[in-house]
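J.: I'd like to ask some things about the structure below.
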There are 2 protein chains.
Amino acid sequence: MEAVLTAAVALLDEAGESALTLRALAARLGTGVGSIYWYVSGKDDLLDRAIDHVLGGVLTAVEGQTTSGDPIDDLRVMAVTLFDAIVDRPWLGAHFMQDIDVPGNSLRLYEELGRQTLRLDLTPRQRFHAVSAIVGVVVGNAADMGQEPPPEVLDGSVDRDEFLGRYAEAWRALDAEEFPFVHDIVDEFDGHDDKEQFLAGLELTLAGLRLQAGA
Amino acid sequence: MEAVLTAAVALLDEAGESALTLRALAARLGTGVGSIYWYVSGKDDLLDRAIDHVLGGVLTAVEGQTTSGDPIDDLRVMAVTLFDAIVDRPWLGAHFMQDIDVPGNSLRLYEELGRQTLRLDLTPRQRFHAVSAIVGVVVGNAADMGQEPPPEVLDGSVDRDEFLGRYAEAWRALDAEEFPFVHDIVDEFDGHDDKEQFLAGLELTLAGLRLQAGA
DNA sequence: ACCTGAACACCGTTCAAGT
DNA sequence: ACCTGAACACCGTTCAAGT
């Protein structure tokens, strides 16, 4: 079982979600396709378990973070840890935190985030919404990166900056009257860093939360 | 071409993303599989065009919204319109706003949102981040709903409240020492409304933005 | 210019049969 | 208890052939 999940994660890490096929997995394990069905009920179950498997490591990282005096600072650190985990494994993308309903590492991560909000002067409803919002910001920003990059970026023949630059070029060619905003921010888009973008969005949510909590 | 996209959207609306197969689409159009390839380069292209097709309607709705005196109020109204569009068509889910790079309705919606930030006292970088954050909140909250609901909810034999109630029950059974946050918010989770949750998260981002803009 | 549909190389899943 | 692998019912994509 452990070997099945390790092999599944390895396939996902190497070539993304589309690389995880039962045949490829069986080949890597040196067995037949059918035998995998003894361990998992199907492909969805396999993916769920693979996700839970890697979230175990993320949970350990989050638990190991020393808590500061400021719950909101702690929430920031945790959210960044979650974001970085998705950057490392883009295939987590949208599936991340999808299974809060069943007991597992998703739920434990949810609890870790939520525990910080217990230190804030909020109603339970406000806490529920605050944690959902933070998870939403992480997932919303990371989902963009979950999509497999175009082949010319993946194989390194064109780097990311050049790739962004091409689109920036196209944006600059747009009519200035019709697209005033796009023109206003095109220089920021050109060569932008996804993590910085995420951090800025997170900061807005945390600022709103701090205001709400009067902290 | 128009007929192809209309039929594709109909399939997606009726039974979700998995229902859009080239064979099903060809059958509905009364043609052969191969003929679809004359209009689109492949399945990904088909999905992209179907998304752009429905975003046309969303764009019209957004453009029709009268602007108020407060740019942040206008951003809220627009974000809600986007969210509602995804609620109506869960298959838009994560793909929503995925193609800002190519000129199309995604880019125009992006421009519409961004135009409101031009009325705020912000730097271009802050505007770029603000719009990304709002799109992130919409996508992050809507992505949760994009996953197909379990069959017993879909066929109506179990309603959503009962479904949530079951998980709430399981949560209440968890150890109180180990899961203090989950216990704190379980009554809020039970029977919660996804839209309310989204609105609360959006409000935090908008509050942070208002603070940043000094408005 | 537009359509056809058989053919190809894949999938996930099942299941009788093995050890 | 665990594994095998052929078989089934699907996919997306291609392409020689038609009109």
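The values are calculated or read from the model by the stated rules, or taken from the named source; none is laboratory data. This structure is a prediction, so every number in the text was calculated from the model and none was measured. Cβ sites come from the backbone with ideal geometry, for glycine too, and all protein chains shown count toward neighbours. Note: areas computed on protein heavy atoms with side chains; ligands, DNA, RNA excluded. Shrake-Rupley method; radii C 1.70, N 1.55, O 1.52, S 1.80 Å.
J.: What tally of residues in segment A:20-48 results from selecting those that are surrounded by fewer than 17 Cβ atoms within 10 Å (Cβ to Cβ) and closer than 26 Å to A:V80 by Cβ?
T.: 0
J.: Let me ask something else. So B:T66 fits all but one of (1) under 26 Å from B:L202 (Cβ atoms); (2) in a helix (DSSP H, G or I); (3) away from DNA strand D (no atom under 16 Å from the Cβ); (4) not acidic (D, E); what number is the exception?
T.: (2)
J.: Based on what the data block shows, is A:A85 away from chain B (no Cβ under 12 Å) and farther than 26 Å from A:A215 by Cβ?
T.: yes
J.: Further question on the same structure: With B:D101, B:D159 as the choices, which residue is closer than 19 Å to B:K195 by Cβ and modelled with pLDDT under 85?
T.: Every option except B:D159 fails the conditions.
J.: Anything in segment A:181-200 that is in a helix (DSSP H, G or I), farther than 19 Å from B:G214 by Cβ and not β-branched (V, I, T)? List them, or say none.
T.: A:F181, A:H183, A:D187, A:E188, A:F189, A:D194, A:K195, A:E196, A:Q197, A:F198, A:L199 - these are the residues of segment A:181-200 that are in a helix (DSSP H, G or I), farther than 19 Å from B:G214 by Cβ and not β-branched (V, I, T).
J.: Could you please tell me which pairs satisfy a Cβ distance under 9 Å, a separation of 6+ or placement on different chains, a first residue in segment A:14-25 that is in a loop (DSSP other than H, G, I, E, B), and a second residue that is near DNA strand C (Cβ under 6 Å from one of its atoms)?
T.: From segment A:14-25, the pairs are A:L20/A:K43; A:T21/A:K43.
J.: Can you name the condition, by its number, that B:T31 falls short on among (1) within 11 Å of DNA strand C (Cβ to nearest atom); (2) of a type outside the set (K, R); (3) touching a residue at least 12 places away in the same chain (Cβ under 8 Å)?
T.: Among (1) within 11 Å of DNA strand C (Cβ to nearest atom); (2) of a type outside the set (K, R); (3) touching a residue at least 12 places away in the same chain (Cβ under 8 Å), the lone unmet condition for B:T31 is (3).
J.: State all residues of segment B:34-48 that are more than 6 Å from DNA strand D (Cβ to nearest atom) and touching a residue at least 12 places away in the same chain (Cβ under 8 Å); if no residue qualifies, say none.
T.: Within segment B:34-48, B:I36, B:Y39, B:V40, B:L46, B:L47, B:D48 meet the criteria.
J.: List every residue pair whose Cβ atoms sit under 7 Å apart, with the two residues 6 or more apart in sequence or on different chains, where the first one lies in segment A:198-215 and is among the basic types (K, R) and the second, anywhere, is open to solvent by less than 10 Å² (accessible area, probe 1.4 Å).
T.: Listed pairs, sorted by first residue: A:R210/A:I72.
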